[in-house]
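Asks: I am attaching a structure below and will ask some questions about it afterwards.
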Amino acid sequence: MTTEEKIFDAARIVFQKKGFAGARMQEIADEAGINKAMLHYCFKNKQLLFEAVFMKVFSQLAPQINMIFNSDESVFEKIRKFTFSYISFVIDHPFIPQFVIQEMNNNPEFVMKFMNHNNRPNPSLLISQIEKEIALGILKPIQPKQLVLDIFSMTVFPFAAQMMVKSIIQISDSEFDQLMEERKTSIAEQIINSIKK
C-alpha cells in the first residue's frame, strides 16, 4: 500500500468517526502510521485532504447510480435499486451528506466542481423512461422531474438532517440506524405504490 493509499484510508476512518470539524491532522497521521510532516507534504491542510477523500468516495458512488439509471430495467426496478444502493453507500460513508450541505454554504465552488464532474449522477435517461412509461399507461401522469426529486429527497434528507430528524421524532442512534436500514426498501415501495397506474 502506498503512502497516499494509507492516508486516504486513515482519513476516511477518522472523518467517519469525527466528521470534518472534529478530525485532526495529527490523528489522521497516527492512523496512517506516518508523521504529521509527511501528511502535510502530501496534503497541505485538512480541507484539501477532505476534498480529496470526498472526491474519491463520490467517484465510487456516481458510477453505481448511473449504471442503475442507464440500465434496461423498469422504472420500478430502478427506484428499488437506487434507494437500496444509495442508502447502503451512505451508511458506509456517513460523512458525505453533511459534508455536501456544509460545503454548499462554505465552499460552493467545490460543490460545483464535483457536480460538473463527468461521472456525476445523470438522471436524463431515467426521466425519458418515465415519460415513456407514462405514455404506455404503466405510470400515472406525473411530472418526471418531480418524481426524480422525490426519490433523491426521500433518500438523502434523513442523512443530511440527521440531528434534526433524531430530535423531532425522538429516536436514538441505534433506532435511526434501524430506520435507515428499513428505508432501503420502504421508500421504493412507497413511491412505486403512489405512481403505479
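Asks: Name the single residue that is nearest to residue 9 (Cα to Cα) among those in the stretch 31-70 being small (Gly, Ala, Ser) and within 18 Å of the chain's Cα centre (by Cα).
Replies: Going residue by residue through the stretch 31-70, those that are small (Gly, Ala, Ser) are 32-33, 37, 52, 59, 62.
From the residues that got through so far, the ones that are within 18 Å of the chain's Cα centre (by Cα) too are 52, 59, 62.
Details: 52: 12, 59: 15, 62: 20 Å.
That would be 52.
Asks: Look at the stretch 111-126 and say how many of its residues are aliphatic (A, V, I, L, M), surrounded by fewer than 17 Cβ atoms within 10 Å (Cβ to Cβ) and more than 17 Å from the chain's Cα centre (by Cα).
Replies: Total satisfying the criteria: 1.
Asks: Yes or no: residue 130 free of Cβ contacts under 8 Å to residues at least 60 places away in the same chain and either out of contact with any Leu (no Cβ under 7 Å at 6 or more places or on another chain) or farther than 17 Å from residue 73 by Cβ (or both)?
Replies: Numbers: free of Cβ contacts under 8 Å to residues at least 60 places away in the same chain: yes; either out of contact with any Leu (no Cβ under 7 Å at 6 or more places or on another chain) or farther than 17 Å from residue 73 by Cβ (or both): no.
Criteria not met by residue 130.
Asks: With the condition kept exactly as written, say whether any residue in the stretch 174-197 is out of contact with any Gly (no Cβ under 9 Å at 6 or more places or on another chain), outside any helix (DSSP H, G or I) and touching a residue at least 12 places away in the same chain (Cβ under 8 Å).
Replies: yes
Values in this text are rule-based calculations from the coordinates and carry no lab data. Quick caveat, the model's predicted, so the values are computed rather than measured. Because the Cβ atoms are built from the backbone with ideal geometry, glycine has one as well, and the counts that use them run over all protein chains shown.
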